[in-house]
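The values are calculated or read from the model by the stated rules, or taken from the named source; none is laboratory data. All of these numbers come straight from a predicted model, not from anything done at the bench. Please note: Cβ atoms are built from the backbone with ideal geometry, for glycine as well, and neighbour counts cover all protein chains shown. The area values use the complete protein model at the heavy-atom level, side chains included, leaving out ligands, DNA and RNA. Shrake-Rupley method; radii C 1.70, N 1.55, O 1.52, S 1.80 Å.
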Amino acid sequence: MKFGGTSVGSPERIRALAERVRERMGRSPVVVVSAFSGITDRLVRGASLALERDSDYETVIYDVRERHHRAIGELVPGAGPAQKRLLDHLDATVAELRALYTGVYHLAELTARTLDAVSGIGERLSYEIVAAALDGAGLHTQAVDARGVIVTDEMFGRATPLMDETRAAAARMLRPLVEARTVPVLPGFVGSTRKGVATTLGRGGSDWSAAVIGAALDVEEIQIWTDVDGMMTVDPRVVPAARVIPEVSFDEAAELAYFGAKVLHPATIKPAVERGIPVRILNSLNPSAPGTLIAGRLEGREKGKPRAIAFKKGIAVILIAQPRMLMAYGFVARVFEVFDRHRTPVDLIATSEVSISLTVDDPRAVPAVEEELARLGEVEVLPSMAIVSVVGRGFCRHPGLAARVFQTLREVNVVMISFGASDVNFSFVVAEKDAERSVALLHREFFEGAR
């Protein structure tokens with residue numbers, strides 16, 4: 001059971017979390033929690049202030065300490081040993097945060113390794129408080145630092161779990177607790193290298209943490225408790241008529257997550273798929289809602305119809321033209337070697353005899369990639385673009401989808417198309433300013449009864 005920031009955003013929410021766990025005690029739950037809502041952003045802001053040699057980072061330290069101090073006072077009242085242990089832990093962790101900020105301030109340097117140490121502090125504070133609150137609610141719990149369970153590589157800022165080592169650590173540290181009917185409570189988002197250096201799995205990585213731990217323990221189900229009723233046909237902030245999708249397949253959910261659906265971290269699906277573990281999206285603010293079940297391939301469902309529409313902004317389109325690539329081999333390989341060297345993933349690709357078009361979602365990497373690609377051919381970069389993805393199943397074997405999409409978007413300029421590489425995804429690129437309008441038009445066409 002993974003609970004996001006809104007689910008631990010206040011003492012009232014944490015008490016509600018305890019009830020959700022109590023209801024599932026017969027299924028031997030393992031709990032993973034995010035930082036309190038907004039805390040990670042504050043921590044990162046404090047690091048930026050320290051880098052700018054702005055002593056206002058002390059205000060961030062004060063705010064972080066006070067918020068957690070109040071939560072401890074409300075959730076673990078009285079001056080007993082449980083509260084003292086939490087307050088001591090808070091003071092020690094805040095002292096560590098101050099030391100990190102002070103180092104950044106004096107060195108005027110903020111490395112990815114230091115930022116990982118800073119940004120993971122929110123989870124390191126929240127999980128101890130949640131574990132104590134569950135214990136106070138009569139549930140036998142044990143706080144377990146995920147840095148001793150999730151072993152990662154050394155790619156600070158977006159570390160990848162090493163599953164063999166993580167599985168061994170989970171068997172050693174978590175399975176005995178579960179077998180003893182104790183609820184392990186772990187922080188999401190954080191891990192550590194083989195040498196014990198703190199890492200993070202990237203923003204939104206608490207979902208991934210839960211899936212990694214679930215896969216390591218071979219659980220029967222992974223539950224992601226968030227603040228919406230499930231995966232939606234479209235972002236409800238863009239289209240209020242969005243509907244909850246009762247069931248989606250693993251590959252549909254992965255496409256939706258990657259191409260902009262905010263409910264799920266894109267990497268969450270992978271560990272679950274590899275172990276065949278279903279994932280359920282549930283709403284901690286509306287626990288009676290059935291949510292969305294992500295499982296298998298869901299064969300037998302009607303094919304050729306969209307299931308949802310997602311979009312992702314902040315995209316750059318890179319166009320590489322080289323007339324000499326006509327009938328040549330090896331050119332595409334050389335292009336992708338550039339992206340590999342810069343560790344920059346590519347979302348969409350389209351090719352012709354003399355050119356390649358592709359998209360990346362990390363604008364910071366574009367200048368260096370562009371400089372190196374210029375040695376291979378003429379390069380043009382189109383910034384401020386968006387990917388719109390229509391996700392479903394059986395698209396390639398059912399005619400008419402493309403016609404409906406482009407008839408619906410006849411007044412929108414489509415810069416690039418990717419269709420056929422995946423049987424579940426039809427994606428195209430438009431300017432950012434046209435993204436919401438495109439999504440709304442498509443949702444009306446496919447989900448609101450218009451033709």
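Side notes on the structure shown:
- Looking only at segment 313-326, and only at residues there that are touching an Asp or Glu at 6+ places or on another chain (Cβ under 8 Å) and modelled with pLDDT under 90, the one that is most open to solvent (accessible area, probe 1.4 Å): 326
- When 439, 414, 391 are checked against the criterion of being open to solvent by 10 Å² or more (accessible area, probe 1.4 Å) and touching a strand residue (DSSP E or B) at 6+ places or on another chain (Cβ under 9 Å), a single residue qualifies: 414.
- For residue 113: the one exception among (1) within 30 Å of residue 135 (Cα to Cα); (2) in contact with a strand residue (DSSP E or B) (Cβ under 9 Å, 6 or more places away or on another chain); (3) among the basic types (Lys, Arg): (1)
- Residue, least open to solvent (accessible area, probe 1.4 Å), within segment 105-124, restricted to residues that are among the hydrophobic types (A, V, I, L, M, F, W, C) and in contact with a Phe, Trp or Tyr (Cβ under 8 Å, 6 or more places away or on another chain): 118
- Matching entry among 51, 86, 17, 43 (being more than 12 Å from residue 130 (Cβ to Cβ) and open to solvent by less than 20 Å² (accessible area, probe 1.4 Å)): 43
- Residue count for segment 128-161, restricted to those that are in contact with a Gly (Cβ under 8 Å, 6 or more places away or on another chain), of a type outside the set (Gly, Ala, Ser) and open to solvent by 10 Å² or more (accessible area, probe 1.4 Å): 4.
- Unique residue being part of a loop (DSSP other than H, G, I, E, B), closer than 30 Å to residue 448 by Cα and of a type in the set (A, V, I, L, M, F, W, C) when the list is 412, 391: 412
- Listed by position, the helices (runs of 4 or more DSSP H) enclosed by segment 192-305 that each have at least 2 residues that are at pLDDT 90 or above and closer than 18 Å to residue 146 by Cβ are 205-217.
- Residue 203 vs. criteria over 12 Å from residue 34 (Cβ atoms) and basic (Lys, Arg): no
- Among the candidates 152, 111, 141, 102, residue that is touching a Pro at 6+ places or on another chain (Cβ under 9 Å), among the polar types (S, T, N, Q) and farther than 19 Å from residue 76 by Cα: 152
- Every residue from segment 174-209 that is under 11 Å from the mean Cα position of the chain (by Cα) and closer than 20 Å to residue 276 by Cβ: 207, 208, 209
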